[in-house]
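Read-outs: derived from the displayed coordinates by stated rules, not from any lab. Keep in mind that what you see is a predicted model, and the values were worked out from it rather than measured. Neighbour counts run over all protein chains shown; Cβ positions are idealised from the backbone, glycine included.
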Amino acid sequence: MTLTLEQAIARVPFLKDAKNLKTSLLTGGITNRNYRIDLDGKSYMLRITGEKTDLLGIKRDIEYAANLEAGRLGVAPEVLYFIEPEGYLVTRFINGKHIPPEEMNKEYNIRRVARKLRVFHRRAAPLKGEFNVFRRVEMLTRISKEHQSKFPYDFDWIQYKMVEIEQALLKDPYIPTPCHDDLLNLNFMDENVAGEKGELKILDWEYAGMGDIYFDLGNFCHHHRFNDDQVRCLLQEYFGEVTPKNFARCKLMWCASQIHEAMWGTTQTGISTLDEDFQGYADLWFGRFREDICDFRYEQWLKIVAVK
């Protein structure tokens, strides 16, 4: 059962007895409701999670652990309380602004994101859950079929291409690493801090898990529709060099991530009661996958990543 805002606040020790507390609903979320809470000169963010998000494979205890680690490392807003068993998070509210796609595509911001991801990937404690894009697509496909969602006409071909990508990548398996796994544009904030430069923070850790760092890199790239030079900029900052192999792996994960995005939308068409065009979202990402998987270099990428 979903708690009301008042019920959730009553479960937070440092908020429950407050007399001059102010709340406001924040815009931008789809599956969750986010609230700003102001009290005694301090601001907090409370997220009340949406219904049936467990069917999307979200595990709130893992999200909490990931956000806790990211906050400790300066990558995300610090977690201040976790409401159990509902899995609601209270974090420090970030005063700042979102970075629009046309700004995120600039070299300065690409390098900032690469550094933040590298800090989390290298220094975060291991998480108890896995994020494997291929297993997640299989899971979302199963849930979608159970809820009579609509599949594209060429879904068999799409599944074949996913298997083809995974088989190539498995010839040089990845090392499971703490990852964010949902690096869309709205999940970045430029916090207002003292000095001329802001502090980049990454939000929304509900899909975090032990996964492939190239999923984070490819996911970030395709959400911002990077060109090849922008992809190389990200890889140069992250690895210190651009090689045929790290470029190929990033581009293949770019494609796999697009199918994950499409299947997220497909699943939502069957389970969500929200007034959102989830079918249109799924169709958009299936279409982008078809375009990008037909890159003339695709077969070459498959061969490159298979070499240890």
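Summary of values
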| quantity | calculated |
| --- | --- |
| Efficiency of FRET from Cβ geometry, residue 185 and residue 306, R₀ 41 Å, rounded to 0.05 | 0.80 |
| Relative contact order computed over region 5-95 (Cα-Cα under 8 Å; 6+ residues apart), in percent | 22 percent |
| For region 5-95, convex hull of alpha carbons as volume per residue, Å³ | 105 Å³ |
| Length released on extending from residue 142 to residue 166, taking residue separation times 0.36 nm less the Cα-Cα span | 6.8 nm |
| Length gained when the stretch residue 199-residue 95 is fully extended (0.36 nm per residue, less Cα-Cα span) | 36.4 nm |
| FRET efficiency for residue 175 and residue 39, using Cβ-Cβ distance with R0 set to 51 Å, rounded to 0.05 | 0.75 |
| At R0 = 25 Å, FRET efficiency that the Cβ-Cβ distance of residue 243 and residue 72 yields, to 0.05 | 0.20 |
| Residue among 155, 82, 286 with the largest mean-square fluctuation in a Gaussian network model of the chain, springs linking Cα atoms under 10 Å | 155 |
| The chain: angle of helix 107-123 to the longest principal axis, Cα-based, in degrees nearest 10 | 80 degrees |
| Diffusion constant of region 97-305 at 10 °C, which comes from Stokes-Einstein with the Kirkwood Cα-pair radius and 1.306 mPa s, µm²/s | 89 µm²/s |
| Gap separating the Cα centres of region 1-20 and region 111-166, nearest whole Å | 35 Å |
| Per-selection Kirkwood Rh - region 65-126 (Cα, Å, 1 d.p.) | 13.2 Å |
| Mean residue ellipticity (222 nm) of the chain, computed from DSSP H runs ≥ 4 via -39,500 (n - 2.57), nearest 500 | -14500 deg cm²/dmol |
| Least to most buried among 163, 119 (fewest other Cβ within 10 Å first) | 163, 119 |
| Burial order of peptide ranges 288-296, 30-38 (average beta-carbon count within 10 Å, highest first) | 30-38, 288-296 |
